[in-house]
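Laboratory data are not the source of any read-out in this text; all were calculated from the coordinates shown. Here the structure is a predicted model, which means the values were calculated and not measured. Please note: Cβ atoms are built from the backbone with ideal geometry, for glycine as well, and neighbour counts cover all protein chains shown.
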Amino acid sequence: MLVLIPVIGTANAAYNVTNIKVSLYLNPNTSAHVNETIQFALTNQSVKQYQTNRVALNLTLSQWQKLIGSQLEEYIINPKGSIYNFVLLPGPVVQNGSAYSADIILSYDVNNVTVVNQTGPRVFVYTFRPVVFNFQHGASGQVLSPNTTLNIVIPSGAKIKSVFPVPDYPANGLTNNYANVTSISWSYGEPLSRFSLIFQVDQSIRDEVGIFFSQVYGTLGVYSYVIIAVIILLFVLYVYYRASK
């Protein structure tokens, strides 16, 4: 039996976005994992409708945008490709006195968020590509709206070389050249038109060897194990031959 679940067709004042948090987790392969949390308030009359929509199957991002509004958006995009591993999770209604709120969480991956250049043996410098931003446009370019926070987490072991504008968090990051800082954040109308972030990753010999064998496996597949086994066997035979002389 087919069950029709009513869905509101257009966004209205029943849903008021109150807070947006966008978190980027940068990867060494120049991609990023993105988590977005869009928090909104509901009127008493809209609670039941939202709960009905929440359990509806196959409600797409575009359908939720019609319900909540244009602030429900993918704020990190790849101009030359699509996002992937996209997940949309509408959260439960939370009551605080006579007020109601809920969160919608977007999770996805984006390629080509950074550009990497090798500047020395096992030294890689990454430059963030602000073209991936998809925030509100102001007179001078993109800008974070007052209810939006942008958080960027750099890869483990990376060192920030330069960043602009100065992050709101950590407050004292600039004074110590962002030593041991792994996460930086901006909020409250920060302009993004001249955004810049450069960080460096010093690769260990162990990581370099691991990446080398991963690349070999990616090229040769299971035959790479045969080649490695032959190399080890030849080395053992060579050592045995030298020892027997």
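If you wrap the tightest convex hull around every Cα atom of the range 103-169 and split its volume per residue, you get 150 Å³. Extending 7 Å from Cα along the Cβ direction at GLN63 and again at THR30 yields two label points whose distance is 3.7 nm.
Counting beta carbons within 10 Å around each of LYS159, LYS80 and listing the fewest first gives the order LYS80, LYS159. At q = 0.14, 0.15, 0.19 Å⁻¹, what log₁₀ I(q)/I(0) does the range 15-202 have when each alpha carbon counts as one equal point scatterer in the Debye sum? With no solvent term, the Cα-only Debye profile gives -0.83, -0.93, -1.30. Taking every C-alpha pair closer than 8 Å and separated by at least 6 residues, the mean separation divided by the residue count of the range 117-193 gives a relative contact order of 37 percent. If I take R0 = 35 Å and measure r between the Cβ atoms of VAL55 and ASN147 in this structure, what FRET efficiency does the formula 1/(1 + (r/R0)^6) give, to the nearest 0.05? The formula returns an efficiency of 0.80 here.
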